[in-house]
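The next block holds one structure in the form of structure tokens; read it before the comments.
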Amino acid sequence: MKVLVATEKPFSKIAVDGIKAVTDAAGYELVLLEKYTEKKQFLDAVADVDALIIRSDKVDAEVLDAAKNLKIVVRAGAGYDNIDLAAATAHNVVAMNTPGQNANSVAELVFGLLVYGVRNFFNGTSGTELLGKKLGILAFGNVGRNVARVAKGFGMEVVAYDAFCPAEAIEAAGVKAAKNQEELFETCDIVSLHIPATPETKQSINYDLVGKLKKGGILVNTARKEVIDEAGLIKLMEERTDLKYLTDIKPDADAEFAEKFAGRYFATPKKMGAQTAEANVNAGIAAANQIVGFLRDGITKFQVNK
Ligand code: 3PG
């Protein structure tokens with residue numbers, strides 16, 4: 001069996017070594033395609049592999065057509081909006097993710113962004129503290145739960161809303177539950193996004209919703225750029241000069257945000273949420289183990305295209 005790790009944004013070396021240890025033990029061959037710049041390189045590399053490990057790398061019908069022997073693709077991470085699930089199913093390819101494995105890494109970055117933001121991007125002027133501020137967490141999955149845990153360490157008041165997680169489950173985790181996302185934005189100083197990009201969530205973080213934030217409000221996005229209505233957010237930030245937007249995913253209109261909102265907008269140059277040795281090791285090795293589990297024992301526990 002041949003396993004390809006195709007990562008435009010590579011894992012740390014220790015994670016690749018860990019993946020290799022798993023595939024070696026199973027008697028599989030491991031091949032690496034890192035930092036590729038052309039889709040053609042990806043299409044050539046998948047031609048003869050049985051299994052594929054990716055990060056945010058796009059697996060569409062063209063990739064699946066090229067991957068004649070492919071049986072399984074594992075997205076080493078949480079969000080699998082980069083895999084065409086219907087095409088995977090049509091090609092008889094099992095698609096999986098590795099939920100939770102990089103969640104703490106993403107959660108810690110939320111606070112890196114927040115401290116940077118409330119201290120005015122370290123420009124020397126007097127900022128504010130996080131202690132006592134109210135943090136709204138939109139979606140209470142693995143990342144949201146880790147954000148809540150860290151926020152408590154900062155002494156923040158924590159509220160969450162999740163369309164798919166009942167209020168009782170949120171409160172059982174020691175977090176206040178908001179009735180809906182409108183209430184979350186209305187009552188919090190800061191809202192941190194942890195929703196996936198789905199047809200329902202795309203552009204759902206819009207002018208009206210973000211406009212409910214209190215004076216001096218901050219929106220933090222370590223989720224997906226697609227959930228933001230960029231034109232609406234730009235209009236709002238033009239009108240509300242008190243608002244800040246901090247993101248780990250460059251918007252399409254990055255240049256416009258940067259030009260119009262200096263001192264109120266920050267985007268990481270490259271998505272950094274899951275870029276830690278620990279997250280790479282956790283997600284990468286989980287992906288390798290899931291591949292062996294599926295190819296050898298037929299285990300489909302984390303399949304997402306059922
Ligand atoms: C995820 O969905 O797991 C995160 O967005 C991390 O994405 P990355 O592996 O491309 O850094």
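By how many nm would the segment from Lys179 to Leu32 grow when fully extended, if each residue of separation counts as 0.36 nm and the alpha-carbon distance is taken off? Please report the intermediate quantities before stating the final value.
Details: separation 147, 0.36 × 147 = 52.92 nm, distance 4.64 nm.
So the extension gain works out to 48.3 nm.
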Karplus 3J(HN,Hα) series, Hz, for segment 66-79 with 6.51 cos²θ - 1.76 cosθ + 1.60 (x for Gly, Pro):
6, 8, 4, 9, 5, 10, 8, 10, 10, 7, 6, x, 9, x
Quick one: what are the phi-derived ³J(HN,Hα) couplings along segment 262-274, Karplus 6.51/-1.76/1.60 with θ = phi - 60°, whole Hz, x for glycine and proline?
4, x, 10, 9, 9, 10, 5, x, 9, 4, 10, x, 9
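So what's the back-of-envelope 222 nm ellipticity for the chain, counting only DSSP H runs of four-plus at -39500 (n - 2.57) apiece and dividing by all residues, rounded to 500? Intermediate values should be presented prior to the final figure.
Numbers: 12 runs with 117 residues, N = 306.
Rounded to the nearest 500, the figure is -11000 deg cm²/dmol.
Going through the DSSP H helices of the chain, which span 15 Å or more along their own axis at the Cα atoms while scoring at least 1.0 as a mean Kyte-Doolittle hydropathy? Walk me through the numbers on the way to the answer.
Numbers: long enough: 13-26 (20 Å, 0.62); 103-118 (23 Å, 1.54); 142-153 (17 Å, -0.38); 277-297 (28 Å, 0.40).
What comes out of the filter, once short or polar helices are dropped, is 103-118.
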Would you mind getting me the FRET efficiency between Thr300 and Phe154? Use the beta-carbon distance for r and R0 = 51 Å, nearest 0.05.
0.85
With every protein chain kept in place and a 1.4 Å probe, the chain has an accessible area per residue in Å² of 45
At R0 = 22 Å the Cβ-Cβ FRET efficiency linking Lys235 and Ala163, nearest 0.05, sits at 0.30
Evaluate E = 1/(1 + (r/R0)^6) for Thr125 and Asp252, where r is the Cβ-Cβ distance and R0 equals 25 Å; express this FRET efficiency to the nearest 0.05.
0.25
In terms of modelled amide H atoms, which long-range or inter-chain residues lie less than 5 Å from the amide H of Val59?
Ile83, Asp84
Lysine-lysine proximity count for segment 40-178, Cα under 18 Å, sequence distance 8 or more or distinct chains
9
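The values are calculated or read from the model by the stated rules, or taken from the named source; none is laboratory data. Bear in mind the structure is a predicted one, so any value in this text is a computation, not a measurement. Don't worry about glycine lacking a Cβ; one is built from the backbone with ideal geometry, like all the others, and counts go over all protein chains shown. Heavy atoms of the whole protein, side chains included, go into the accessibility calculation; ligands, DNA and RNA do not. Shrake-Rupley method; radii C 1.70, N 1.55, O 1.52, S 1.80 Å.
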